[in-house]
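Readers should treat all values here as calculations from the given coordinates under stated rules, not as data from a laboratory. Because the structure is predicted, anything quoted here is derived from the model rather than measured. No Cβ is skipped: glycine too gets one built from the backbone with ideal geometry, and neighbour counts run over all protein chains shown.
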Amino acid sequence: MSVVQVLLAIELVGTFAFAVSGALLAARKGFDIVGSLLLASLAGLGGGVLRDVILAQGVPNAFAVPMYLIPVAVATLAVFFRLIRQDRLRWTLLAFDAVGLAMFCVMGASIAHAAGLNPVATMLLGVTTAVGGGAMRDVAANEIPQIFTPHGVYAAPAFLGAAATTATLELDVFNGFWAVGISLVVIAIRMVALKRGWRVPLAVWR
Amino acid sequence: MSVVQVLLAIELVGTFAFAVSGALLAARKGFDIVGSLLLASLAGLGGGVLRDVILAQGVPNAFAVPMYLIPVAVATLAVFFRLIRQDRLRWTLLAFDAVGLAMFCVMGASIAHAAGLNPVATMLLGVTTAVGGGAMRDVAANEIPQIFTPHGVYAAPAFLGAAATTATLELDVFNGFWAVGISLVVIAIRMVALKRGWRVPLAVWR
Amino acid sequence: MSVVQVLLAIELVGTFAFAVSGALLAARKGFDIVGSLLLASLAGLGGGVLRDVILAQGVPNAFAVPMYLIPVAVATLAVFFRLIRQDRLRWTLLAFDAVGLAMFCVMGASIAHAAGLNPVATMLLGVTTAVGGGAMRDVAANEIPQIFTPHGVYAAPAFLGAAATTATLELDVFNGFWAVGISLVVIAIRMVALKRGWRVPLAVWR
């Protein structure tokens, strides 16, 4: 497998993880199977579509490359046939989601850098890619987005991962090892924060 | 009238139907007339704007062609002056909405195909065009989108219509007759499903 | 200072005002500091990003020009350290917000005109720029958008300001004096309407 194939494979895993979160939310809200498919698409593909629309470089990947739909369809069916259930696998799913978050912030920043954006915009677009799909999932389902609420550390490691990716890209040292290393750090922060119940300070200091 | 004029005329009817649904929702939520105009715009034009932004081919039609605003303004005024009321004309409005749904999925897929998208993306963009405006209308009004809820068959016929349009386009047999035929089938499925109370399975199989 | 610098300075003030409204809403909803930063970004930069995506002229300003992030960060920190509080400065903030509204509808219409849009689209995009950020802020926080509700006159002066800007641009008489004059009228209408409790008619005439 080439590097591109590895990256595509990992991105498809991230899309699957986010799509599962969408289909599970649809199940919890009592939506029908079509709503589940649409919410899984929004969660899994929304961040990337947002990134590509902002980069203004033609049709978003999620539409141009049909393969992206496979993890979305698999996720929807896995929830439909109860292969994945809310009440089990909680940590497995959170780990999947953390993988998605990590991969999307690294890939988002890489793609933004390749498109010629400045460092600040590169970092921002990495974060947007990582948290955009989840935010759209929650907004569409009429819930307060998880990224806003003080129940865990979610967007902060995405900021960190996007910043580290941008820094290594600007220093011209970014490569597959950095991509994997940064991703692992993002995943570790997210998972340790979950286990230990870490929280980010509130919007107003006390 | 040329074919283009016929298509434009039918699209304006679809825009009107969706815009009415936006203005009626604004009335039900107690919004003011400006909010009604904005919600009618979102419902009537949102799906097409989303389609055009994803296709990345310049300024969306709804902004480039001022004529699209006429059905939106007429719908808002018709609701304001009680010419259209929630408690009457229910079936007329549902029929209008079904016409909009049908026309938008066929036109959305046609425009996506003309832009050179692959068959899967063509179908997806047809569905996005058909259901996007209604979804944005509901999200903006802080309601759970109708397309997610199991109270009827809505997105499914749009999927079918977009798939049929894409198939006939790929087979190079699509023409005005197919456009009308597919639209009539979509409308029929939507209306029969409403009359008979058909439902799509839930997100989790029982 | 050149005209461009003056315009940029005033736009940054408008961004700051809208960003404060986002951070204050985050505080009221109990979001964390990262959520506050994201909501402030959406409120302060969302309208301009929407405008630039619709104009389809490359990467939106908010991403291409890092300076736009400064007022967003300052607003988030000012709310975090209680330098700006909901319970004080109410009229100061409303005045800031009115300045943002006025500047954004004038600048939005100017940019749309420079991009070659027709007069109707120019006016529409001015309104979209002015009210888009606030609408996205409220939708993301799971609130009914303020622009829809009959608690004041908000979108109406933006419509007026965008229309006046478009008219003077079409007549080829628009300049810095018109920009300032139109802005002052928009601000005056907004503030007088607030003081006097003016309301726009509801979506259905009584």
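Shielding of peptide B:181-193 by partners, expressed as the average count of other chain Cβ atoms within 10 Å per residue Cβ, is 0. Legend: Rg and Dmax of region B:3-196, from Cα coordinates, 15.7, 49 Å. With the simple model of a label 7 Å out from the Cα in the direction of the Cβ, B:Lys195 to A:Ala188 spans 6.5 nm. In this assembly of identical copies, the label point of A:Trp198 (Cα plus 7 Å along Cα-to-Cβ) is separated from its counterparts by 5.2, 5.2 nm, sorted shortest first. In this structure, the amide hydrogen of B:Leu202, modeled 1.01 Å from its nitrogen in the peptide plane, lies closer than 5 angstrom to those of A:Ile33, counting only residues at least 5 positions away or on a different chain.
In this entry, region B:1-107 is assigned a mean projected area of 7.1 nm², taken as a quarter of its C-alpha convex hull surface. Peptide C:63-69 shows a mean partner chain C-beta count of 5 within 10 Å per residue C-beta.
Normalised by 2.2 N^0.38 Å, where N is the number of residues, the alpha-carbon radius of gyration of the protein assembly as shown equals 0.93. Label-to-label distances for A:Asp172 across copies, nearest first, come out at 5.0, 5.0 nm, using points 7 Å from Cα in the beta-carbon direction. Remark: the B:Asp172-B:Arg28 segment gains 47.3 nm on full extension, using 0.36 nm per residue and subtracting the alpha carbon distance. For region C:105-113, 3J(HN,Hα) computed residue by residue from phi via the Karplus equation (6.51, -1.76, 1.60; θ = phi - 60°) reads 6, 5, 5, x, 5, 4, 5, 5, 5 Hz, glycine and proline entered as x. Applying the Karplus relation 6.51 cos²θ - 1.76 cosθ + 1.60 with θ = phi - 60° to region A:21-35 yields 3J(HN,Hα) values of 4, x, 5, 5, 5, 4, 5, 5, 8, x, 6, 8, 5, 5, x Hz, where x marks Gly and Pro. Taken as Cα centroids, region C:187-206 and region B:167-206 sit 45 Å apart, rounded to the nearest whole angstrom.
Label points for B:Asn142 are taken 7 Å from Cα along Cα→Cβ. From this copy to the others they lie 1.1, 1.2 nm apart, shortest first. Placing dummy labels 7 Å off each Cα toward the beta-carbon, the span from C:Asn142 to C:Gln57 is 3.9 nm. Computing FRET efficiency as 1/(1 + (r/R0)^6) for C:Gln86 and A:Thr92, where r is the C-beta to C-beta distance and R0 is 41 Å, gives about 0.50. Applied to region C:153-165, the Karplus parametrisation 6.51 cos²θ - 1.76 cosθ + 1.60 on θ = phi - 60° returns per-residue 3J(HN,Hα) values of 9, 10, 6, 4, x, 5, 4, 4, x, 5, 5, 5, 4 Hz, with x for Gly and Pro. Judged by the mean number of other Cβ atoms found within 10 Å, the most tightly packed of the peptides A:97-103, B:144-150, C:20-26 leads the ranking C:20-26, A:97-103, B:144-150. Take the alpha carbon gyration tensor of region A:104-206, find the square roots of its eigenvalues, order them as a ≥ b ≥ c, and report rounded if a/c is under 1.5; if not, report prolate when a/b exceeds b/c, else oblate. Prolate, since a/c reaches 1.5 and a/b exceeds b/c.
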